[in-house]
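For reference, the structure is listed below as structure tokens.
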Amino acid sequence: MLKNVNHYYHKTIIYTVLMLMALPILATLVYSFSTKWGATILPDGFTFKWYIDLFGDFRFWSAFLRSAIVSVGALALGLVLLIPIILLACHSAPILLKYLNYIILIPFAIPPVVSSVGLLQIYSDSALNISGTAYILIGTYFTIIIPFIYRSITNSLSAVNVHDLVDAARLLGSSTFKAFILVVLPNIKKGILTAVFISLSVLLGEFVFANILVGTQYETLQVYLYSKRVASGHFTSALVITYFAFIFLFTVIASYIGTKNELRSSKKSV
Amino acid sequence: MSYVQVRNLSKSFDNNQIFNNINFDIHKGEFISLLGPSGCGKSTLLRSIAGLHNVDSGNVYVDGEDITYKDVQKRNIGMVFQSYALFPNLNVFDNIAFGLKLKKLSKEVIRKKVLQIIELVDLTGKENYYIDALSGGQKQRVALARALVVEPNILLLDEPLSALDAKIRKKLRTMIRQIQQELNLTTIFVTHDQEEAMIMSDRIFLMDKGNIVQQGSPIDIYTNPVNKFAATFIGNYNILKKKFSLKYFNLNCQTAIRPEAITLAISNTDVIDYDYCLNGRISNVQLLGNIIRYNVKLDDFSLNVDELNDINRMRFFKQDAVKLYFKTKDIQPLKDTINEF
């Protein structure tokens, strides 16, 4: 009996908190479909107009594409540079992991406004003139996602005995490089996917660096959203909901892949 | 000529000498155990032979070829790890086929060889199972099959049974020995379990602090320990201090006596063949299954005496006054220095 009471009590708290968190999103969703929502509890009517306007706007698709390009570019750079470093540190020089643990905190420690001003100063006078281009954003985004990539992959590696796996593969005739590709990478796939989805979610929603470093010269999704803030609340709500839908989709895919991996390892293959 | 020759092999990590000036020979098809306590350097020695550690000096020869600086992947050495080191992303078949695929053999040949070896290690029907779905014993058999299927020149076993429960361990050690004899495969087995080493090996190399302190057949190692370490590590020897050895057996060194080599009796009429007789009193009796262990208190020290738990034998009880009978050949003088065989 007491167990049931506790059960309901816990459920009530959890659902209340979830409702509170979901309420602004639900309100935004309803607002994005409403014709007009002013002094009444419910909207005057519902319409797809704002979504039709949004998806019909070439600037939206361009901004989305730009966001995707810089995010994927930064992510690719991050994965290509960081995975070998983490694997080598883990396999051959574990002491480096201690220093890497500190280095990855730097993006969190320095506020975006401070680092973006620094970056602008460096690159405005530099021979490498990348201010206002996608390149500076890719470089900056790379630094932002370092902690996410590092943490996801090292967590994944902690469940794998890298040393013995590589040694076993080498004894069976594989080179060290091939051993990493054939044996280690497939076993940290989950960590890599987690890094990909978290990083993409963060980068697609990034505004401060994009606005200060490139602004409208290379308009990303969040800069586009910012420029549309005065247009119509319904329109920007449709934009925010579209953005949320993408992030949600990423999360569902990541979760599905993770669950699939776990199921596969606990059952025999067919 | 020996099949494997290890000559003056030394290895240190950051000024810490792991093993020093190791020399031994192994014949083709021999099963050798490197036996010793944790940290004695046996696993590092094994990994150095495999090429997974660079050595500071010395050489390793296999079939007359110096492989000391040969690439790991070209040595054709099979190894089974304590952690299994199986590839979790691959199923049983693909784990075993891994080495064969790297050799670029045809699919037909790979399939035939893998299925043969799966049958040998008694894993038929488990080909499609992923590693996480197997028990510890099955994992270790996959690891063994993976190492064997590439037909290695030498098989190295790095404490392969230590993570398994007692029942599986007993079953697997018999299986490993049978397969090794069937394939006539030169094998080096690392263990800290003296029973395992005794049962499985043709010869045992007993290691302590980076040195081989004694090598020989299991019976030789067991009956003739060269020093205190060997006597205490192998079996449950009674070690007598120098002063007691001198007082009772006229030997001016430490001595070791096997508990089962001492005969207990109430009076000397029961024992006809002995060289020394001492008086004592039973202070403790332990039943160890097929053995009864008596702890006998003498004037200056205590001794353990093991007797077969046989219903027809005389039983002794706590506080019984007894006589202990010894034969000279069972009193083993111990050398104090290492590296003397």
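The values are calculated or read from the model by the stated rules, or taken from the named source; none is laboratory data. All values reported here derive from a predicted model rather than from experimental measurement. Cβ coordinates were reconstructed from backbone atoms using ideal geometry, including for glycine residues, and neighbour counts include every protein chain displayed.
Laid out as a table, the results:
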read-out	value
Subset of region A:160-211 that is more than 9 Å from chain B (Cβ to nearest Cβ) and outside any helix (DSSP H, G or I) - its residue that is nearest to A:Ala254 (Cα to Cα)	A:Ile188
Residues of region B:227-259 satisfying the condition of being surrounded by fewer than 18 Cβ atoms within 10 Å (Cβ to Cβ) and assigned to a loop (DSSP other than H, G, I, E, B)	B:Asn236, B:Lys241, B:Asn250, B:Asn252, B:Cys253
Qualifying residue in region B:172-185 (condition: outside any helix (DSSP H, G or I), in contact (Cβ under 8 Å) with a residue 60 or more places away in the chain, within 23 Å of B:Cys40 (Cβ to Cβ) and in the same structural domain as B:Val72 (by TED's automatic domain parsing))	no
Check on A:Tyr102, hydroxyl-bearing (Ser, Thr, Tyr) and surrounded by 15 or more Cβ atoms within 10 Å (Cβ to Cβ)	no
Residue satisfying all of: in region A:140-159; among the polar types (S, T, N, Q) and surrounded by 19 or more Cβ atoms within 10 Å (Cβ to Cβ); nearest to the other protein chains (Cβ to nearest Cβ) among these	A:Ser156
Scope region A:43-74; condition modelled with pLDDT of 90 or more and among the β-branched types (Val, Ile, Thr); matching residues	A:Ile52, A:Ile69, A:Val70, A:Val72
Region A:125-135 - residue that is surrounded by 12 or more Cβ atoms within 10 Å (Cβ to Cβ) and free of Cβ contacts under 8 Å to residues at least 60 places away in the same chain and, of those, farthest from A:Cys90 (Cα to Cα)	A:Asn129
In region B:226-236, the residues that are more than 12 Å from B:Gln254 (Cα to Cα) and not hydrophobic (A, V, I, L, M, F, W, C)	B:Thr232, B:Gly235, B:Asn236
In region A:21-33, the residues that are out of contact with any strand residue (DSSP E or B) (no Cβ under 6 Å at 6 or more places or on another chain) and under 17 Å from A:Leu239 (Cα atoms)	A:Pro24, A:Ile25, A:Leu26, A:Ala27, A:Thr28, A:Leu29, A:Val30, A:Tyr31, A:Ser32
All positions within region B:286-313 that are of a type outside the set (Ser, Thr, Tyr), surrounded by 12 or more Cβ atoms within 10 Å (Cβ to Cβ) and in contact with an Asp or Glu (Cβ under 9 Å, 6 or more places away or on another chain)	B:Ile291, B:Ile292, B:Arg293, B:Val305, B:Asp306, B:Glu307
Set A:Ile138, A:Ile122, A:Ile144: member being free of Cβ contacts under 8 Å to residues at least 12 places away in the same chain and farther than 30 Å from A:Ala179 by Cβ	A:Ile122
